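**Q** I have a structure I would like to understand better, so I am pasting it below and will then ask my questions one at a time.
Nothing in this text is a laboratory measurement; each read-out follows from the coordinates by a stated rule. From a predicted model like this one, the values you see are computed outputs, not experimental measurements. As a convention, Cβ positions derive from the backbone with ideal geometry for all residues, glycine included, and neighbour counts pool all protein chains shown.
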Amino acid sequence: MPHREIVLATGNPGKLREIAQVLSGLPVDIVGLNELPDITEPDETGATFAQNARDKALYYAQATGRWCLADDSGLEVDALEGAPGVHSARYSSDTAAPGSDRSVIDRANNSKLLSALENTPGSQRTARFVCCLALASPGEVLIETSGTFEGLIARSSAGDNGFGYDPLFYIPDRGRTAAQLPPEEKNRISHRGQAVRRFAELLTDYLTRED
């Protein structure tokens, strides 16, 4: 199979680490945006994770002239009618200034989520993580995949692994939050792990056909 360089269109080091780990056995070199000259971020205007992933993949593929893999993912909470949804990363934009450190934004997002669910009973705190991936070359989407990860929103944070809403995302059959899981275990069951493994299968088929 031909060896390919793929730009991972994210500045989130947690996403970069998780995706690169799953793709480590394939003939691809993963390049983060931090390794490239500054590229203006596109506006995320899609109404769905899938649309945002497609738009970002196409944008960065055009900007770099390379294959680009974009992820759009977030948290859907049933009691909040699916919020924060596609706004998950910017949920606390009213309190966390743009450009703040990722850890500051994560804490602000988690704090706002806990406040929004303060009076919601445990049985109604159902939620899921959703991940959509899109691989694009300049002008064309090549591969799309997705994954979901069901759980509950805990009443307080627990765990130091992971990022984003992981400390609040409780997995009943594990008895722990996503942030309490070892990275390898989380990747086996998470929304992003599911989407990336399926992507790896499709990418292998694609590269084989190219050979």
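**Q** Rank these for me by crowding, Tyr170, Tyr60, going from fewest to most other beta carbons within 10 Å.
**A** Fewest to most other Cβ atoms nearby, the residues stand as Tyr170, Tyr60.
**Q** If I fit a long axis through the Cα atoms of helix 102-116 and take the longest principal axis of the Cα atoms of the chain, what angle between them do I get, 0 to 90°, rounded to 10?
**A** 40
**Q** Hey, another quick one. Distance between Cα centroids, the stretch 171-197 to the stretch 1-52: provide it in whole Å.
**A** A separation of 20 Å, based on Cα centres.
**Q** Could you state the angle between the C-alpha long axis of helix 13-22 and the longest principal axis of the C-alpha atoms of the chain, as a value from 0 to 90 degrees rounded to the nearest 10?
**A** 60
**Q** Moving on. Pick out which of Val28, Val77, Val196 has the largest mean-square fluctuation in a Gaussian network model of the chain, springs linking Cα atoms closer than 10 Å.
**A** Val28
**Q** In whole percent, what relative contact order does the chain give with Cα contacts below 8 Å and a gap of six or more residues?
**A** Working: 405 pairs, mean separation 44.6, N = 211.
Computed value for the chain: 21 percent relative contact order.
**Q** How would you classify the stretch 35-109 from its alpha-carbon gyration tensor, with a ≥ b ≥ c the square roots of the eigenvalues: rounded for a/c under 1.5, else prolate if a/b is greater than b/c, otherwise oblate? Please list the in-between numbers first.
**A** Numbers: a/c = 2.76, a/b = 1.43, b/c = 1.93.
The shape class here is oblate.
**Q** Among Tyr91, Tyr59, which comes first, then next, by fewest other beta-carbon atoms within 10 Å? Please report the intermediate quantities before stating the final value.
**A** On the way: Tyr91 24, Tyr59 19.
Exposure proxy ranking, most exposed first: Tyr59, Tyr91.
**Q** By counting other Cβ atoms within 10 Å of each Cβ, how are Thr64, Thr208, Thr177 ranked from fewest to most?
**A** Least crowded to most crowded, the residues run Thr208, Thr64, Thr177.
**Q** Using only Cα atoms and rounding to the nearest 10 degrees, what angle (0 to 90) does helix 191-210 make with the longest principal axis of the chain?
**A** Tilt of helix 191-210: around 10 degrees.
**Q** Same structure again: Can you tell which of Gln51, Gln124, Gln180 shows the greatest fluctuation in a Gaussian network model of the chain with Cα springs below 10 Å?
**A** Gln124
**Q** Only Cα pairs within less than 10 Å get springs; with that Gaussian network setup on the chain, which residue of Arg174, Arg192, Arg155 has the largest fluctuation?
**A** Arg174
**Q** For the chain, how big is the tail of P(r) above 29 Å, as a whole percent of Cα pairs?
**A** Values: 5322 of 22155 pairs.
Looking at the chain, the distances longer than 29 Å represent 24 percent of pairs.
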